[in-house]
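Undergrad: Quick one: the structure is below, questions incoming.
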Amino acid sequence: METQNPIHFPLPRLPVFFLMFSIIYLIAYFIVLRTWSPKIRPEASSCLISLAHGTPAVLLSTYAILSDPATGFAAPNTLFQNSVLDYSVAYFLTDLLHYLVFFPSDVLFIGHHLATLFVFLTCRYVASHGAFAILSLLILAEVTSLCQNVWTLANARRSDLKFAAKVYDLLSPPFYILYSIVRGFVGPYFVYRMGAFYISGAADGLIPWWVWVSWIVVVVAAISVSILWISNLWVELFRARTGELEKKTR
């Protein structure tokens, strides 16, 4: 059962949030980015809705966790925690539609979004418990969102804009470092604590075993892919910087 919280939404939350993200995407695609190349416009529009979701999701999730006096891995979801889950479900639904329309062959991202939606939806509508764990993971996933989206937009335009190239080169090392710390160390440690709690049986009778097992599997898979992705970026950066040094010494 949902516990009460001083902040709540009187309107149906999920449809309202979905409409909001859809409008942001359409404004980005047809107005804000109308002069961008058709090849990069869809990805850039996706970045803008990600910006609208990422940092606000971190702030909302943090408040939702801190405002719950009974917080814990098996605590019942509060109304506000469920609202934050709906907020993120709406974002991932919107971005999933973006991939299905523009990049239907991108199985990795489509699979990632479907798995993420499964986690959010089971926490919100099946278990009605465990929002602390899922929102904490959301914070870890989105705390790098602002930096990552700016980096992605700069990467998309660095071939034709010198400023974008400078932003990309300047932002890459600190972004890689932050991402590596969060996804390579903090995330795995939190998942270890989360898994140890559920395996101990402390959530028996509150969260079905197949729900928390699926959460662990999805999160471990997502973290593994993230580590592989950032590792490849570090290799590319090292090769690029090594090549620049070799040119200078010739």
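Undergrad: Under 10 Å, Cα contacts only: if you run a Gaussian network model on the chain, which one of Gly54, Gly184, Gly201 comes out with the highest mean-square fluctuation?
TA: Gly201
Undergrad: Net charge near Ala52, counting Lys/Arg +1 and Asp/Glu -1 over other residues with Cβ under 13 Å of its Cβ?
TA: -2
Undergrad: What full-extension length gain, to one decimal in nm, is calculated for Leu100 and Leu79 as 0.36 nm per residue of separation minus the Cα-Cα distance?
TA: Gain on extension, Leu100 to Leu79, equals 4.4 nm.
Undergrad: Is region 139-212 rounded, prolate or oblate when judged by the Cα gyration tensor, a ≥ b ≥ c being the square roots of its eigenvalues, rounded requiring a/c under 1.5 and prolate requiring a/b larger than b/c?
TA: In terms of gyration-tensor shape, prolate.
Undergrad: In addition: Counting only protein chains, not ligands or nucleic acids, how are Arg241, Arg13 ordered by accessible area (probe 1.4 Å), most first?
TA: Arg241, Arg13
Undergrad: Determine the calculated [θ] at 222 nm for the chain from helices alone, applying -39500 (n - 2.57) to every DSSP H run no shorter than 4 residues and normalising by the residue count; nearest 500 deg cm²/dmol.
TA: So the helix-based figure for the chain works out to -24500 deg cm²/dmol.
Undergrad: Explain nothing, just the number: relative contact order of region 97-193, from Cα pairs under 8 Å at least 6 residues apart, as a whole percent.
TA: 19
Undergrad: State, as an integer percentage, the relative contact order of the chain based on alpha-carbon contacts under 8 Å between residues 6 or more apart.
TA: 21
Undergrad: Something else about it: Residue by residue through region 52-59, which ³J(HN,Hα) values in whole Hz follow from phi under the Karplus form 6.51 cos²θ - 1.76 cosθ + 1.60 (θ = phi - 60°), with glycine and proline marked x?
TA: With coefficients 6.51, -1.76 and 1.60, one gets 5, 9, x, 5, x, 5, 4, 5 Hz.
Undergrad: Another question, then. Taking 0.36 nm per residue of separation and subtracting the Cα-Cα distance, what length does fully extending Leu108 through Tyr63 add?
TA: Full extension of this stretch gives 13.1 nm more.
Undergrad: By how many degrees, between 0 and 90 and to the nearest 10, does the Cα long axis of helix 209-249 differ from the longest principal axis of the chain?
TA: Compared with the principal axis, the helix lies near 20 degrees.
Undergrad: Just to check I understand the Karplus step: with θ = phi - 60° and J = 6.51 cos²θ - 1.76 cosθ + 1.60, what whole-Hz values come out for region 157-169, glycine and proline as x?
TA: Running phi through 6.51 cos²θ - 1.76 cosθ + 1.60 with θ = phi - 60° gives 10, 5, 6, 10, 10, 5, 4, 5, 5, 5, 4, 4, 5 Hz.
Undergrad: Right, something else. Given the options Leu48, Leu96, Leu170, state which has the largest fluctuation in a GNM of the chain using a 10 Å cut-off (strictly under) for Cα springs.
TA: Top of the fluctuation ranking is Leu170.
Undergrad: Also, I was wondering about something else. Based on alpha-carbon positions alone, could you give the equivalent ellipsoid semi-axes of region 60-161 from the gyration tensor, as √(5λ), descending, whole Å?
TA: That gives 30, 17, 9 Å for the three semi-axes.
Undergrad: Along the Cα→Cβ direction, 7 angstrom out, place labels at Arg193 and Val220. What is the inter-label distance in nm?
TA: 1.9
Undergrad: Stretched out fully, how many nm does the piece from Ile181 to Thr35 gain, at 0.36 nm a residue minus the Cα gap?
TA: Once the chain is fully extended between Ile181 and Thr35, it gains 48.9 nm.
Undergrad: Continuing with the same structure: Let a ≥ b ≥ c be the square roots of the eigenvalues of the Cα gyration tensor of region 118-250; is it rounded (a/c under 1.5), or, if not, prolate (a/b larger than b/c) or oblate?
TA: prolate
Undergrad: Which residues' amide hydrogens lie under 5 Å from the amide hydrogen of Gly130, considering only partners 5 or more residues apart or on another chain, with H built in the peptide plane?
TA: Ala75, Asn77
Undergrad: Just to verify a number: what accessible area does Ile181 come out at with the full protein assembly present, 1.4 Å probe, Å² rounded to tens?
TA: 80
Undergrad: Using a 1.4 Å probe and ignoring any ligands, DNA or RNA, find the accessible area of Tyr25 and quote it in Å² to the nearest 10.
TA: 20
Undergrad: Follow-up. Let me cross-check Asp204: its accessible surface, 1.4 Å probe, with only protein heavy atoms counted, in Å² to the nearest 10?
TA: The value for Asp204 is about 110 Å².
Undergrad: On to the next question. Give the angle, between 0 and 90 degrees and rounded to the nearest 10, that separates the Cα long axis of helix 79-102 from the longest principal axis of the Cα atoms of the chain.
TA: Compared with the principal axis, the helix lies near 40 degrees.
The values are calculated or read from the model by the stated rules, or taken from the named source; none is laboratory data. Note that the structure is a prediction, hence the values are computed from the model and not measured. Neighbour counts are summed over all protein chains in view; Cβ atoms, including those assigned to glycine, are modelled from backbone coordinates with ideal geometry. In case anyone asks, the SASA skips ligands and DNA or RNA and just uses the protein heavy atoms, side chains included. Shrake-Rupley method; radii C 1.70, N 1.55, O 1.52, S 1.80 Å.
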